[in-house]
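J.: I'd like to ask some things about the structure below.
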Amino acid sequence: MKLKKNDLIELTIDKMAFGGKGIARIDGFVLFVRGAVPGDRVIARVLKKKKDYAEAAIVELLAPSRDRIEAPCPYFGYCGGCQWQHVGYERQLFFKREVVKESLEHIGGLKDIAVCDTLPSENIFSYRNKMEFSFSARRWLLPHEFQGVKANGETALGLHVPGTYSRVIDLDACLLQEVTGNRILNEVKRYVTESGIPVYGLKSHLGFWRFLTIRYSRAFDEWMVNIVTSENRPEVIRPLADMLCDRIGDVKTVLNNITKRKASVAVGEQEVIYAGKGYIEDMIGPFHFQISANSFFQTNTPAAEKLCQKVKDYAELAGSETVLDLYSGTGTIPIFISKKVRSVTGIEISRDAILNAEKNCDENGIHNCNFICGDIREKISSITYRPDVIIIDPPRAGMHKDVLAQVMTLLPEKIVYVSCNPASLARDLERIVKDYELIEVQPVDMFPHTYHIEAVAKLRLRNK
């Protein structure tokens, strides 16, 4: 295809790709178009040309798809929080199922697999129980702000421009969090601006204010506020904590994480509690979970319960099973299935996650879960029995080939595979189906208005 950078080309979008871009084809040559929806007819500019594909962006929308809607957020298209607000929710669910199905076919060679309709999120806005906002000394201007506005010296508190680490869009509200979260966001921003204390610079590595992390418990309607700074200054943070608790009664705990690391990570080496217990509690099903500032917890609580229930259903537990859970994290799945099994052993590399898992078991009076800390490639060899069920919930990259090989050696009767990446799911299942029947795959939408999709696969050992 004789295309080059900056060429303008008329396209009709026919599919949605994992990653949120629309797919168009000219004479079999594939173009990925940012912000496009299947059915759109557009003029697009080529941004990047490779041997087998090109990337492009819409210059003019000639005819909108019937699936395209007006995004309700004024920051959409500039902020990295959402990619699909311009797509009706029912179609988002459809596209997510299609992405899972096509990944299985084209990457894993798995055709005619039963891929269920995507389980929807209970809420499509205000669903996130955790938001992480970044401070910047220079806010990123939106197109309508260019005239007569200077970015220099204006404090921003918000989310990043897609694909950047230093460009921050100043937000007054984010539709993905509850209204109280937006009140917290604006109160903190006002205090920081009035303090006159400089924001941390990613290039200069000078300044004080770094991140604001807000966490919410839907079960108990309580909020945690974590201010991440470059140094410990109680005389600055204590008045902020007092103000937040006074003005917003649902704020139950305020913390300050302090980090001197240059890396742009909202986790401190030191933590100071200024109000409350330093944690909040939430529930998934009948189980309580203690959530500290830096502990992992699924960001869409009702959707997490749906996912856990699907794992439990696919495992077909009768009460006598021994279960091995690989990449067990903070113990959410082991705890959720604990009442229906003889025992669960979780393997997890993070010591902090193991400590949280054990604490959550104690909190819920659960005694049949135990956890092994270490690299799964090494620790799985310590499993000398044959589990009835193996649950696998790996990171985005999927399973290491050595772990996959050892799972195939253990040969449990059933495998339940939980994935946040359809591509790595398809790759791993391609190997697993040599010994297992892939019964069905259930996509679960935990992140409305984004291209992200969870999927749960049910597998049963073939009769030999």
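The values are calculated or read from the model by the stated rules, or taken from the named source; none is laboratory data. Because the structure is a prediction, the values reported are computed rather than measured. For neighbour counting, all protein chains shown are included, and Cβ atoms are generated from backbone atoms with ideal geometry for every residue, glycine included.
J.: Out of curiosity, is E235 outside any helix (DSSP H, G or I) and not hydrophobic (A, V, I, L, M, F, W, C)?
T.: No; evaluated as a whole, the condition is false for this residue.
J.: Output yes when any residue across the stretch 67-85 is part of a loop (DSSP other than H, G, I, E, B) and among the basic types (K, R), and no when none is.
T.: no
J.: Within the stretch 329-355, which residues are at pLDDT below 95 and among the hydroxyl-bearing types (S, T, Y)?
T.: If the condition is that a residue be at pLDDT below 95 and among the hydroxyl-bearing types (S, T, Y), then T330, S350 are the ones that fit.
J.: If you scan the stretch 75-92, which residues turn out to be surrounded by fewer than 19 Cβ atoms within 10 Å (Cβ to Cβ), over 26 Å from E10 (Cα atoms) and touching a residue at least 40 places away in the same chain (Cβ under 8 Å)?
T.: Listed by number, the residues that qualify are G80, Y89.
J.: Of everything in the stretch 277-297 that's of a type in the set (A, V, I, L, M) and not in a loop (DSSP other than H, G, I, E, B), which residue is surrounded by the fewest Cβ atoms within 10 Å (Cβ to Cβ)?
T.: Selected residue: M283.
J.: On the basis of being touching a Leu at 6+ places or on another chain (Cβ under 9 Å), in the same structural domain as N186 (by TED's automatic domain parsing) and either aromatic (F, W, Y) or crowded, with 17+ Cβ neighbours inside 10 Å (or both), does V272 make the cut?
T.: Yes: the conditions hold for V272.
J.: Can you name the residue in the stretch 33-45 that is surrounded by fewer than 21 Cβ atoms within 10 Å (Cβ to Cβ) and modelled with pLDDT of 95 or more and is also farthest from A56 (Cα to Cα) among such residues?
T.: G39
J.: Here's a follow-up. Which residue pairs have Cβ atoms under 7 Å apart, sit 6 or more places apart or on different chains, and have a first residue in the stretch 189-207 that is more than 18 Å from E231 (Cβ to Cβ) and a second that is in a loop (DSSP other than H, G, I, E, B)?
T.: Final answer for the pair search is T193/T155.
J.: Okay, moving on. Which ones in the stretch 59-74 are surrounded by 15 or more Cβ atoms within 10 Å (Cβ to Cβ) and either touching a Leu at 6+ places or on another chain (Cβ under 9 Å) or among the charged types (D, E, K, R) (or both)?
T.: Of everything in the stretch 59-74, those that are surrounded by 15 or more Cβ atoms within 10 Å (Cβ to Cβ) and either touching a Leu at 6+ places or on another chain (Cβ under 9 Å) or among the charged types (D, E, K, R) (or both) turn out to be D67, R68, C73.
J.: Now for a different question. Looking at V179, V115, which is the one that is closer than 30 Å to G398 by Cα and either outside the structural domain of I453 (by TED's automatic domain parsing) or buried (at least 18 other Cβ atoms within 10 Å of the Cβ) (or both)?
T.: Matching residue, one of V179, V115: V115.
J.: Could you tell me whether any residue of the stretch 394-413 is in a strand (DSSP E or B) and within 23 Å of A304 (Cβ to Cβ)?
T.: No, every residue in the stretch 394-413 fails to be in a strand (DSSP E or B) and within 23 Å of A304 (Cβ to Cβ).
J.: Taking the stretch 414-464 as the search range and keeping residues that are among the charged types (D, E, K, R) and part of a strand (DSSP E or B), which one is farthest from T299 (Cα to Cα)?
T.: Looking at residues that are among the charged types (D, E, K, R) and part of a strand (DSSP E or B), I get E437.
J.: Regarding the stretch 261-269, can at least one residue be identified that is buried (at least 20 other Cβ atoms within 10 Å of the Cβ) and modelled with pLDDT of 95 or more?
T.: Checked the stretch 261-269: no residue is buried (at least 20 other Cβ atoms within 10 Å of the Cβ) and modelled with pLDDT of 95 or more.
J.: Please specify each residue of the stretch 261-304 satisfying the condition of being more than 24 Å from I337 (Cβ to Cβ), among the hydroxyl-bearing types (S, T, Y) and touching a helix residue (DSSP H, G or I) at 6+ places or on another chain (Cβ under 9 Å).
T.: Within the stretch 261-304, Y274 is the sole residue that qualifies.
J.: Still on this structure, I have one more. Name the single residue, out of those in the stretch 248-259 being of a type outside the set (A, V, I, L, M, F, W, C) and more than 14 Å from F211 (Cβ to Cβ), that is surrounded by the most Cβ atoms within 10 Å (Cβ to Cβ).
T.: Looking at the filtered set, the residue picked out is T253.
J.: Considering A263, A303, A241, which residue is of a type in the set (A, V, I, L, M), under 24 Å from the mean Cα position of the chain (by Cα) and over 24 Å from K359 (Cβ atoms)?
T.: Exactly one residue qualifies, and that residue is A263.
J.: Is it the case, given these coordinates, that V267 is outside the structural domain of I376 (by TED's automatic domain parsing) and in contact with a Leu (Cβ under 8 Å, 6 or more places away or on another chain)?
T.: no
J.: Kindly evaluate A455 against the criterion of being in contact with a Gly (Cβ under 6 Å, 6 or more places away or on another chain) and surrounded by 19 or more Cβ atoms within 10 Å (Cβ to Cβ).
T.: Spelling it out, it is not the case that A455 is in contact with a Gly (Cβ under 6 Å, 6 or more places away or on another chain) and surrounded by 19 or more Cβ atoms within 10 Å (Cβ to Cβ).
J.: All but one of (1) in contact (Cβ under 8 Å) with a residue 60 or more places away in the chain; (2) of a type outside the set (A, V, I, L, M); (3) touching a helix residue (DSSP H, G or I) at 6+ places or on another chain (Cβ under 7 Å) hold for D67, so report the exception by its number.
T.: Only one criterion is unmet by D67, namely (1).
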